[in-house]
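The values are calculated or read from the model by the stated rules, or taken from the named source; none is laboratory data. In this text the structure is predicted, and so the values were computed from the model without any measurement. Cβ: placed from backbone, ideal geometry, glycine included. Neighbour counts: every protein chain shown. When the accessible area is computed, the model is the full protein with side chains, heavy atoms only, and any ligands, DNA or RNA have been set aside. Shrake-Rupley method; radii C 1.70, N 1.55, O 1.52, S 1.80 Å.
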Amino acid sequence: MKNFNFQAGTKILFGKNKINELADEVLQHSNRVLITYGQGSVVKSGLLDTVKSKLAEKDIHFEELSGIQPNPRLASVKEGIKICREKNIGLILAVGGGSIIDASKAIAAGFAYDGDVWDFCTRKAVPSSPLPLGSILTLAATGSEMNGSAVITNQETQEKLPMGSDLLRPQFSILDPVYTFTVNKWQTAAGTADIMSHLFENYFTPDMGTDLQDGIAEAILKTCMKYGPIALEEPENYEARANLMWASSLALNGLTGTGKMTGDWSTHMIEHEVSAIYDLTHGVGLAILFPNWMKFVLNERNAFKFVRMGKNVFGIEDADPMVAANKTIDAIRKFFDKLGLPSTLSEVDIPETHFVEMGKKACQFGPIGYFQRLNETAITQILEMSK
Ligand code: NZQ
Ligand code: ZN
């Protein structure tokens with residue numbers, strides 16, 4: 001296990017009616033707030049009205065930025081920065097899923113930066129002194145509610161790139177599982193696949209001696225496999241939604257990646273290239289790509305890691321490691337099938353046209369992945385396997 005520092009600074013307020021603590025949390029930072037939200041789910045559910053009334057009760061001034069899209073666009077980020085500067089905002093309050101929280105992080109970072117906020121994604125600048133951010137999570141998936149990452153889409157260049165800093169971790173996040181009761185089947189399944197993919201990214205690394213971290217990942221994977229299907233069948237099952245919501249945060253707050261060099265993250269980078277062009281739901285792209293990435297990188301030297309996951313998560317035993325490893329990958333695919341997720345890009349109307357371009361763009365900063373380095377050709381091959 002490698003040395004590490006671990007500080008997941010976000011205060012989590014978890015459970016029913018935690019919204020009652022919102023105003024006090026906000027006032028620890030500012031009494032001038034920008035509420036950010038998406039395309040209407042929080043209006044429809046009544047959550048936005050509740051948020052506004054909680055702020056109004058304590059005389060907290062608020063402005064609004066609505067209409068943030070899934071795969072959040074740079075244009076929304078720029079609009080948010082403008083509002084924050086013009087209205088002297090002191091805290092951003094993201095109400096929604098990962099896209100809303102991500103856009104809000106970019107707004108928070110861009111507020112304090114004189115250049116183009118896209119510079120954070122192209123690695124020309126790093127965030128410093130961002131505005132504080134709080135979140136009210138409505139979809140269990142990305143872990144953005146407890147980490148310092150954001151992924152932003154630049155429609156002009158058809159790029160979707162991450163930015164990140166520990167400074168961008170939300171100061172607080174309210175996680176009331178009831179807010180996720182209205183998430184539809186598609187997004188529930190995609191969110192579950194996304195949580196599992198974050199665990200895969202940190203599990204399949206070349207590091208040794210990280211039994212604890214890998215054991216935590218296995219426990220969270222089993223939680224997703226137990227509760228994902230229940231949430232699909234019974235959207236208002238509190239325990240299912242609660243377990244998925246906490247799984248979302250723990251899968252990507254740094255916990256399972258501690259003591260390792262870094263996660264692999266190549267499947268995420270490939271998915272980002274796909275969704276940059278085709279605006280695909282992130283977790284759906286991962287469900288299609290991940291089993292193919294696994295098949296592509298599996299070899300006799302690394303099979304033991306698949307064997308371990310197969311045994312501990314899926315109960316797979318086979319004397320031949322390669323057979324056990326392949327059975328594990330098949331079991332993962334089968335579970336995604338059970339969630340009703342597609343297994344090929346053609347099912348979501350994505351043709352081969354841009355596969356080579358996607359491979360090139362994914363490698364714009366060099367080959368990707370640590371479990372196995374992937375160059376443009378390898379990425380194109382994985383996309384071919386996924387068509
Ligand atoms: O826009 P609204 O109307 O709110 O609807 C959203 C959206 O259509 C809807 N939704 C959210 N909560 C709901 C709900 N519908 C009904 N009831 C609710 N309670 O769900 C749709 C998807 O929302 P979105 O925020 O896009 O989903 P998600 O949380 O999966 O976020 C995806 C984005 O996060 C990025 C992805 O690449 C993608 O852009 N990621 C961010 C990460 C991070 N910050 O650490 C890591 C991830 O790997 C990921 O890359
Ligand atoms: Zn993800």
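Among the numbered criteria (1) more than 29 Å from Leu232 (Cβ to Cβ); (2) open to solvent by 10 Å² or more (accessible area, probe 1.4 Å), which one does Lys311 miss?
The failed condition is (1).
As an exercise: evaluate Ser45 against (1) more than 30 Å from Glu273 (Cα to Cα); (2) exposed (fewer than 15 other Cβ atoms within 10 Å of the Cβ) and give the number of the one condition it does not meet.
Single failed check for Ser45: (2).
With respect to Leu139, is the statement that it is near ligand 1 (Cβ under 9 Å from one of its atoms) and not β-branched (Val, Ile, Thr) true?
For Leu139, the condition - near ligand 1 (Cβ under 9 Å from one of its atoms) and not β-branched (Val, Ile, Thr) - is met.
Residue-by-condition table, conditions (1) open to solvent by 30 Å² or more (accessible area, probe 1.4 Å); (2) of a type in the set (D, E, K, R):
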| residue | (1), (2) |
| --- | --- |
| Ala219 | yes, no |
| Tyr227 | yes, no |
| Glu233 | yes, yes |
| Glu236 | yes, yes |
| Arg241 | no, yes |
| Ser248 | no, no |
| Asn253 | no, no |
| Gly259 | no, no |
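Tell me which residues, restricted to segment 104-144, are within 16 Å of ligand 2 (Cβ to nearest atom) and in a helix (DSSP H, G or I).
Once the filter is applied, which keeps residues that are within 16 Å of ligand 2 (Cβ to nearest atom) and in a helix (DSSP H, G or I), segment 104-144 yields Lys105, Ser144.
So Asp194 ticks every box in (1) buried (at least 19 other Cβ atoms within 10 Å of the Cβ); (2) over 20 Å from Asn292 (Cβ atoms) but one. Which box is left unticked?
Result: Asp194 passes all but (2).
Going by the structure shown, is Gly46 within 16 Å of ligand 2 (Cβ to nearest atom) and either assigned by TED's automatic domain parsing to the domain that holds Pro206 or not aliphatic (A, V, I, L, M) (or both)?
When the stated conditions are applied, Gly46 does not pass them.
Inspect all residues belonging to segment 99-118 and state whether any of them is at pLDDT below 95, farther than 21 Å from Gly254 by Cα, assigned by TED's automatic domain parsing to the domain that holds Arg32 and open to solvent by 30 Å² or more (accessible area, probe 1.4 Å).
Within segment 99-118, one or more residues are at pLDDT below 95, farther than 21 Å from Gly254 by Cα, assigned by TED's automatic domain parsing to the domain that holds Arg32 and open to solvent by 30 Å² or more (accessible area, probe 1.4 Å).
Which of the residues spanning segment 368-387 are open to solvent by less than 70 Å² (accessible area, probe 1.4 Å), under 11 Å from Ser266 (Cα atoms) and not in a helix (DSSP H, G or I)?
Ile368, Gly369, Phe371, Gln372, Leu374
Would you mind finding the one in Ser275, Ser249 that is over 30 Å from Pro351 (Cβ atoms), within 11 Å of ligand 1 (Cβ to nearest atom) and touching a helix residue (DSSP H, G or I) at 6+ places or on another chain (Cβ under 6 Å)?
Unique residue meeting the criteria: Ser249.
Quick check on my filter: what residues within segment 41-85 are in a helix (DSSP H, G or I), under 19 Å from Leu131 (Cα atoms) and touching a residue at least 24 places away in the same chain (Cβ under 8 Å)?
Leu55, Leu74, Ala75, Ser76, Val77, Lys78, Gly80, Ile81, Ile83, Cys84, Arg85
Results for (1) more than 16 Å from ligand 2 (Cβ to nearest atom); (2) closer than 25 Å to Lys226 by Cα; (3) open to solvent by less than 20 Å² (accessible area, probe 1.4 Å); (4) in contact (Cβ under 8 Å) with a residue 60 or more places away in the chain, shown as yes or no for each residue.
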site: Thr153; (1), (2), (3), (4): no, no, yes, yes
site: Met163; (1), (2), (3), (4): no, no, yes, no
site: Leu167; (1), (2), (3), (4): yes, no, no, no
site: Phe172; (1), (2), (3), (4): yes, no, yes, yes
site: Asp176; (1), (2), (3), (4): yes, yes, yes, yes
site: Thr182; (1), (2), (3), (4): yes, yes, no, yes
site: Lys185; (1), (2), (3), (4): yes, yes, no, yes
site: Ala190; (1), (2), (3), (4): no, yes, yes, yes
site: Phe200; (1), (2), (3), (4): no, yes, yes, yes
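How many residues are free of Cβ contacts under 8 Å to residues at least 60 places away in the same chain, away from ligand 2 (no atom under 16 Å from the Cβ), assigned to a helix (DSSP H, G or I) and more than 19 Å from Lys311 (Cβ to Cβ) when one looks only at segment 207-258?
Residues meeting the conditions: 7.
Out of everything in segment 300-328 that is of a type outside the set (A, V, I, L, M, F, W, C) and free of Cβ contacts under 8 Å to residues at least 12 places away in the same chain, what residue ends up being farthest from ligand 1 (Cβ to nearest atom)?
It comes out as Asp320.
Please count how many residues of segment 22-40 are surrounded by 14 or more Cβ atoms within 10 Å (Cβ to Cβ), not in a loop (DSSP other than H, G, I, E, B) and not aliphatic (A, V, I, L, M).
Going through segment 22-40 one residue at a time, the tally reaches 3.
Has segment 139-148 got any residue that is of a type in the set (Asp, Glu) and surrounded by fewer than 24 Cβ atoms within 10 Å (Cβ to Cβ)?
For segment 139-148, residues of a type in the set (Asp, Glu) and surrounded by fewer than 24 Cβ atoms within 10 Å (Cβ to Cβ): absent.
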